[in-house]
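> For reference, the structure I am asking about is given below.
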Amino acid sequence: MTKLPKVFLKELTKLLGRNAVLTETEDLLPYLKDERGLLESDCSLVIRPKTTGEISETVGLCAKHRVPVVPLGGNTGLVGGGIASGGVILSLEKLNRIIHIDTLNHTMTVEAGCILANIQKAADEAGCLFPLSLGAEGSCQIGGNLSTNAGGVGVLHYGNARDLVLGIEVVLPNGLIYENLKALRKDNTGYDLKQLFIGAEGTLGIITKAVLKLYPRPRAFATILVALEELDEILSLFDLTRATCGDKLKAFELIPRLALELEVAHIPGIRDPFTEKHAYYALLELTSPRQEDDLRGEIETVLEQALNNGVISDAVIATSQAQASQLWKMREEIPAAQSIEGGSLKHDVAVPVSKSVEFIKKATQLVMAEMPGVRVCAFGHVGDGNIHFNLTQPVGIDQKSFLKKQKVFGRIVHDLVVGMKGSISAEHGIGLSKRDELCFYASKIEIDLMRQIKVAIDPHNQMNPNKIVLFDPP
């Protein structure tokens, strides 16, 4: 472990108290490994401040001693954004208060360490909806969600995390506090500074509080699993559903046959809801704040037309919340089933919705040409163009040998994505794992602008150093 100056440790312990400063190996372990277990921090100190003021003083102390700071939320990231090489890890877990809910203004003010599921629950109890929803919502923290501009299953209707924020509070690399907790939907007073920090992955400062947008709570639901034989038909179904149901369409997710087979094999409680096997499935959800809206009638109209036109083969409509949850479990457990099956190479990419099918088909051909027998598990948010193009190791191949092909497959997939004017990171961020890929694909002016912003706000490269872009402090 990297050693820190004794005088720094003494001042830090005096500031925060011994209970907030973790140095014992067994106490550090939960904070050091990433979600996938592929990366591990080289860090001998984890600190757990309880207030913005404590974070401000702590970061100021770190700046004084030139100690790097790596902010950490729920540690559910997938690109190594919370991995430290020296310095300290600053956990936000103690900043977990829901400060205020304004039901008339439809806003909620929260601290960064609040668990996403707890925010969802508080909004629901207030008769509202906070729509950010993703697989890790039971453990991820809102500060991490904002710092990575998280996506999830509601992007089609509500947008990414940055679209759900009205104001933030940030501790800057010098310890000063930028406080802009306005709950305004219109504010044209200069640059929108909060957007610098949302999606910056803690490289420009530490988000400590946020004012979040709330929406009317849905009172009518329809959850549907549709079976298709041809991938090409999924965009026809999407277009038809959107044209018929409008903004009631909340989610539109792709599930391939391979994903369902892996889940049936490895995840207790999951079964195939259809009597026959199908090549692809689309998981749809409609919602409305009006309980009297006949969502089932609307989706039945869509399904009848799609069936008559040969777009779909079959469909299941959930008749209870339990059935709806079971259908959503089929979508949420795909990564877990892949992990149990063996090695999995993940690509979180985005292309224009109109090109999503073309991308999946071309990418599949390219990776199978590189490694015959590789099992393509392309799933996810096809309604907004975000495809999780994951590769499961071929049967009989050594897992370590397969995982060593990450860079080869990454270049194949990302070349295709960039050629389609897409993104090599749709919702997971850049962090450490995709930093070199970003530098390879981004234009020189993009990288230069990012570095200029980093230098202007964090000239000594103190905040989450070496993530997103590299630079040498002046």
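> How about the range 361-385: which of its residues are open to solvent by less than 10 Å² (accessible area, probe 1.4 Å) and not small (Gly, Ala, Ser)?
Val367, Val374, Cys377, Phe379, His381, Val382
> Inspect all residues belonging to the range 323-332 and state whether any of them is among the hydroxyl-bearing types (Ser, Thr, Tyr) and open to solvent by 70 Å² or more (accessible area, probe 1.4 Å).
no
> Considering only the range 295-304, state which residues are surrounded by 14 or more Cβ atoms within 10 Å (Cβ to Cβ), out of contact with any strand residue (DSSP E or B) (no Cβ under 8 Å at 6 or more places or on another chain) and either free of Cβ contacts under 8 Å to residues at least 60 places away in the same chain or not β-branched (Val, Ile, Thr) (or both).
Within the range 295-304, Thr301 is the sole residue that qualifies.
> Oh, and also: Out of everything in the range 121-150 that is open to solvent by 40 Å² or more (accessible area, probe 1.4 Å) and not in a loop (DSSP other than H, G, I, E, B), what residue ends up being farthest from Gly77 (Cα to Cα)?
Among residues in the range 121-150 that are open to solvent by 40 Å² or more (accessible area, probe 1.4 Å) and not in a loop (DSSP other than H, G, I, E, B), the one farthest from Gly77 (Cα to Cα) is Glu125.
> How do the pairs read when you match residues in the range 94-116 that are within 13 Å of Gly144 (Cα to Cα) and modelled with pLDDT of 95 or more with residues anywhere that are hydroxyl-bearing (Ser, Thr, Tyr) and surrounded by fewer than 19 Cβ atoms within 10 Å (Cβ to Cβ), using Cβ under 8 Å and keeping only pairs 6 or more apart or on different chains?
Leu95/Thr51; Ile115/Ser139
> If the requirement is being open to solvent by less than 70 Å² (accessible area, probe 1.4 Å), of a type in the set (D, E, K, R) and either closer than 21 Å to Ser339 by Cα or not in a loop (DSSP other than H, G, I, E, B) (or both), which of these qualifies: Asp436, Asp448?
Only one candidate passes the filter, namely Asp448.
> Out of the residues in the range 451-469 that are part of a loop (DSSP other than H, G, I, E, B) and within 23 Å of the chain's Cα centre (by Cα), which is surrounded by the fewest Cβ atoms within 10 Å (Cβ to Cβ)?
Across the range 451-469, the extreme among qualifying residues is Asn466.
> Being open to solvent by 70 Å² or more (accessible area, probe 1.4 Å) and either in a helix (DSSP H, G or I) or over 20 Å from Thr241 (Cβ atoms) (or both) is the filter here; which residues of the range 305-315 pass it?
Of everything in the range 305-315, those that are open to solvent by 70 Å² or more (accessible area, probe 1.4 Å) and either in a helix (DSSP H, G or I) or over 20 Å from Thr241 (Cβ atoms) (or both) turn out to be Gln305, Leu307, Asn308.
> Restricting the first residue to the range 449-461 and requiring it to be over 15 Å from Gly60 (Cβ atoms), which pairs with a second residue that is open to solvent by 50 Å² or more (accessible area, probe 1.4 Å) and modelled with pLDDT under 95 meet a Cβ separation below 6 Å and a spacing of at least six or different chains?
Asn461/Pro473
> Return the residue satisfying two criteria in turn: it lies in the range 169-205 and is among the β-branched types (Val, Ile, Thr) and either free of Cβ contacts under 8 Å to residues at least 40 places away in the same chain or in contact with a Leu (Cβ under 7 Å, 6 or more places away or on another chain) (or both), and of such residues it is farthest from Gly73 (Cα to Cα).
Thr189
> Could you check, for the range 313-328, whether at least one of its residues is more than 15 Å from Ala222 (Cα to Cα), among the small types (Gly, Ala, Ser) and either modelled with pLDDT of 95 or more or in contact with a Cys (Cβ under 7 Å, 6 or more places away or on another chain) (or both)?
Yes, the conditions are met somewhere in the range 313-328.
> Quick check: anything in the range 436-452 in contact with a helix residue (DSSP H, G or I) (Cβ under 7 Å, 6 or more places away or on another chain) and closer than 22 Å to Lys194 by Cβ?
No, every residue in the range 436-452 fails to be in contact with a helix residue (DSSP H, G or I) (Cβ under 7 Å, 6 or more places away or on another chain) and closer than 22 Å to Lys194 by Cβ.
> Assess whether Asp272 counts as being assigned to a loop (DSSP other than H, G, I, E, B), within 21 Å of Gly383 (Cβ to Cβ) and open to solvent by 20 Å² or more (accessible area, probe 1.4 Å).
no
> Would you call Leu28 out of contact with any His (no Cβ under 7 Å at 6 or more places or on another chain), open to solvent by 40 Å² or more (accessible area, probe 1.4 Å) and of a type in the set (A, V, I, L, M, F, W, C)?
Against the criterion (out of contact with any His (no Cβ under 7 Å at 6 or more places or on another chain), open to solvent by 40 Å² or more (accessible area, probe 1.4 Å) and of a type in the set (A, V, I, L, M, F, W, C)), Leu28 does not qualify.
> Taking interchain pairs and intrachain pairs at least six residues apart, which have beta carbon atoms under 7 angstrom, with the first residue in the range 400-417 and closer than 19 Å to Tyr441 by Cβ and the second assigned to a helix (DSSP H, G or I) and of a type in the set (Val, Ile, Thr)?
Taking only residues 6 or more apart or on different chains, the pairs are Phe409/Val367; Ile412/Val367.
> Here's something else I'd like to know. Can you find a residue in the range 5-14 that is assigned to a loop (DSSP other than H, G, I, E, B), open to solvent by less than 30 Å² (accessible area, probe 1.4 Å) and either in contact with a Leu (Cβ under 7 Å, 6 or more places away or on another chain) or not basic (Lys, Arg) (or both)?
No.
> Which residue is modelled with the highest pLDDT, if the candidates are limited to the range 9-47 and must be out of contact with any Asp or Glu (no Cβ under 6 Å at 6 or more places or on another chain), charged (D, E, K, R) and within 17 Å of Gly73 (Cβ to Cβ)?
The selected residue is Asp34.
The values are calculated or read from the model by the stated rules, or taken from the named source; none is laboratory data. These numbers come from a predicted model, not from an experiment. Ideal geometry is used to build each Cβ from the backbone, glycine not excepted, and the neighbour counts take in all protein chains shown. Only protein heavy atoms, including side chains, enter the accessible area calculation; ligands, DNA and RNA are left aside. Shrake-Rupley method; radii C 1.70, N 1.55, O 1.52, S 1.80 Å.
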